[in-house]
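Scroll down for the structure; my scribbles are underneath it.
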Amino acid sequence: MLYVKNLLKVKILDTKDEKKETEKSCSDSSLCCGPQSREELAPPCCAPLPVDNEIEITPVSPVLNFNDHLGVVKARLNIGRMNYKLAPGLYAVGTPGSDSPVLVSANYKMSFDYLRRELKNINAWLLVLDTKGINVWCDAGKGTFGTDEIIRQIKNTNLDKIVNHRKLIVPQLGAPGVAAHLVKKAAGFKVIYGPVRAADLPAFLQSGMKAAEEMRKVRFNIYDRLILLPVELLIALKYVIFTSAVFFLLAGLNKTGYSFGFTLTSGSKSVIFLLTAFFSGTVIAPLLLPFIPGRAFALKGFFAGLAAFFLIFQYFSGFSSSGIINIISWVLIISSVSSFFTMNFTGASTYTSLSGVKKEMRIAVPLQIIGFAVGSILWMIARFLY
Amino acid sequence: MLGLKYLKNVSTLKLEENRCNGCGMCAVVCPHNVFAIEDKKAVIKDIDLCMECGACELNCPTEAIAVKSGVGCAAAVISSAVKGAGGSCDCGYDSDDSKASGCC
C-alpha cells in the first residue's frame, strides 16, 4: 500500500470558518476523511476536515518499484486487472507548495503509476478521482471520470485551501466525461486539458501549459497494439479451447462409427486450424492492422484469416490431397472466426466509432455466423465422405 | 496514422456554426484533430476521423456541437444486445461477469 507511512503535513491556507463546520458535522474527527476510510463514510462526514491547520497528504515517488512493474505485467495479462486501484484523494510528488500544479488522474493504479513516473524533478499535486479502478479514457466514456467526481474530490480534499491558484490539469482523454465550463462554474477551478500522453507532461508544464498539436492526438502504433494483445487473447481463449475440444472429439466420427485414430490425426489438425483462426484474428490482424486492406475490422480479420488458411492448410493437409468439401469447410471456418475476433479488437482500438462498429456488425455478424455454421456442417459431412 | 482510418460517412457529429463562439475547446479536446478554428469559428476538417467520444459536445459551452456519443466496441454492442443494456462500453467492473467483455 502507498498509504500510512510518512504522511506529509500541509499547512492549509485559511481555516477559520471551516473549523466550526467540521466540529458541527463530525462527531468523531478521527474518522473523518482519512484516505483509507473514505469509502465507508457517509457523505455528510466527508465535509471539510482541518485538524490543527494541517492536512495529511500522501507523498508518492516518481520512481516505480518492482511491485509497480509487476502490477503492470499482471494487469496486462488480465490478472486482477479489474481490481488494480488505489484510494482516491490528494497525493504529492516532490515537494509541492501552494503554487504547484494540480494534475488529475484516475485511480486505476497503472494510470497513476504512468503519470507519476513522468514527474521526476517536478513538484506537483495529484488529485486522484474515484474511477472504480478504470483508466481515464474508458471511464470518461462512462462518465465516472467526470465533472461531478472532479467537483467532489476538489471539495473532499480541500484543494482550494491547499493551492492558491485555481487551475486543474486534466488529461485530455478525460474530456469525454468532463465539461470544463461546468467545473469552473461549480468549483471555481479552471480545467486545462493536458497532453494525451503523460510522457509529454514535463514539456507541457515547461511551455506554460501549452500542448503542441502532436500532444493532442491519440496514436495507435504497433507497440500500442502489441501491449493490448495479451488481455484480448486471454479473454477470447476460453471460447477457443471449448470449440477446439468439441472439434477434436467430433473428429473421430466417420462412416464406420467412431475412431480414436481419427480423433488424434484429424482432430489434432482441426485444433491447429482453429488455433490458426484465433491467432490470425487476435494477433496477426491487430498487429498488421494498417497494412491489411479494408476499413472495417471484420473485413481486415477476414483477409487475415484467408491468408492464414492458405499458409497453414497447405502445410498440414495439402490442397491436392484434400477433398473439396474439407477445403471449403476450413476456408469458411477460419475466415469467419478470424473476422469475428478482429472485429472485437474495435473495443481496444483508439479510433473506431460506435456508429461505425454498428454498421460493420450489421453486415459482418450474420456472415460470420453463416460462415461458421455452414463450415462446421460441411466439416461434419466431410467426416462421412472419405 | 498510416492506413488507420475507419468507415466513411458514419459519424453522427454535427456542428451548428451560428451557435459557435469560437472558443476553440472542441479543437483542444478532440483526440483525432477533427476540428479547426477558422475566422473565429469551428469547422469540421475531416468528419471520418471522428470516433464519437463526445468530448467536443460536452466541452462546448454554447451547445453548438451534437454527437451521438458511445464507445466503438463490438464486444459492448454484443453484450448490450444479449443483456438488453444501454450499449455503453461495459468494461466489466460493475457486473459479476467482470471478464466477460473484451472491451477496453
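The values are calculated or read from the model by the stated rules, or taken from the named source; none is laboratory data. Every value quoted in this text rests on a predicted model; they were computed, and no experiment measured them. Cβ placement follows ideal geometry from the backbone for every residue including glycine, while neighbour counts extend to all protein chains displayed. Side chains are part of the model used for accessible areas, which takes the heavy atoms of the whole protein and leaves out ligands, DNA and RNA. Shrake-Rupley method; radii C 1.70, N 1.55, O 1.52, S 1.80 Å.
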How are the Cα pair distances of segment A:121-271 distributed, in percent, across 5 Å bins from 0?
2, 8, 12, 13, 14, 10, 6, 5, 5, 5, 5, 5, 5, 3, 2, 1, 0, 0
Between A:Lys74 and A:Ile241, take the C-beta separation as r, use R0 = 25 Å, and let me know the FRET efficiency to the nearest 0.05.
0.70
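May I ask for the percentage of alpha-carbon pairs in chain A that lie more than 28 Å from each other? Each step should come with its number before you reach the end.
Numbers: 41947 of 74305 pairs.
That fraction is 56 percent.
So for segment A:278-358, what percent of the C-alpha to C-alpha distances run longer than 23 Å?
24
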Quick one: net charge around A:Ala298, please, counting Lys, Arg +1 and Asp, Glu -1 for every other residue with C-beta under 13 Å from its C-beta.
+4
Divide by every residue of chain A the summed helix terms, -39500 (n - 2.57) for each DSSP H run of at least 4, and state the resulting mean residue ellipticity at 222 nm, rounded to the nearest 500 deg cm²/dmol.
-15500 deg cm²/dmol
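Find the eigenvalues of the gyration tensor of the Cα atoms of segment B:14-66, then list the square roots of 5 times those eigenvalues as equivalent ellipsoid semi-axes, largest first, in whole angstrom. Mind dumping the intermediate values first?
Working: eigenvalues 45, 28, 18 Å².
That gives 15, 12, 9 Å for the three semi-axes.
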In what sequence, highest mean first, do A:148-156, A:329-337 appear when ranked by Cβ atoms within 10 angstrom?
A:329-337, A:148-156
Solvent-accessible area, 1.4 Å probe, carbon plus sulfur percent, for chain A:
65
Between B and A, buried accessible area summed over both sides at probe 1.4 Å, in Å² to the nearest 100?
4500
Calculate the FRET efficiency for A:Asn254 and A:Phe319 from the Cβ-Cβ distance with a Förster distance of 30 Å, rounded to the nearest 0.05.
0.90
Could you sort out which of A:Lys132/A:Lys238; A:Lys142/B:Lys83; A:Lys155/B:Lys68; A:Lys120/A:Lys167; A:Lys161/A:Lys190; A:Lys132/A:Lys185 sit more than 23 Å apart by Cα distance in this structure?
A:Lys132/A:Lys238; A:Lys155/B:Lys68; A:Lys132/A:Lys185
So for chain A, averaging the separation of alpha carbon pairs under 8 Å that are six or more residues apart and normalising by length, what relative contact order in percent results?
11
Segment A:88-113 and segment A:144-165 have their Cα centres apart by a whole-number Å value of 12
Taking the Cα centre of each part, how many Å lie between segment B:5-48 and segment A:227-285?
46
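Ratio to report: Rg/Rh of segment A:221-263, with Cα atoms as the point set and Rh obtained by the Kirkwood method; give two decimals. Please list the in-between numbers first.
Details: Rg = 17.1 Å, Rh = 12.7 Å.
Using Cα coordinates only, the ratio equals 1.35.
I want to verify the translational diffusion coefficient of segment A:222-385 in µm²/s; compute it with Stokes-Einstein, Rh as the Kirkwood radius over Cα pairs, at 20 °C and 1.002 mPa s. Spell out each step's value before the answer.
Values: Rh = 16.2 Å.
D, rounded to a whole number, is 133 µm²/s.
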Within 10 Å of each Cβ in A:286-296, the average number of Cβ atoms from other chains
2
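From the P(r) of segment A:301-344, can you give the percent of Cα pairs sitting at distances over 11 Å?
Values: 573 of 946 pairs.
In whole percent, the share of Cα-Cα pairs in segment A:301-344 beyond 11 Å is 61.
Which helices of chain A meet both criteria: a Cα extent of 20 Å or more along the helical axis and a mean Kyte-Doolittle score no lower than -0.5, with helices taken as whole DSSP H segments?
Taking the DSSP H segments of chain A (at least 20 Å long, mean hydropathy at least -0.5), we get A:222-250, A:260-279, A:297-316, A:324-344, A:354-385.
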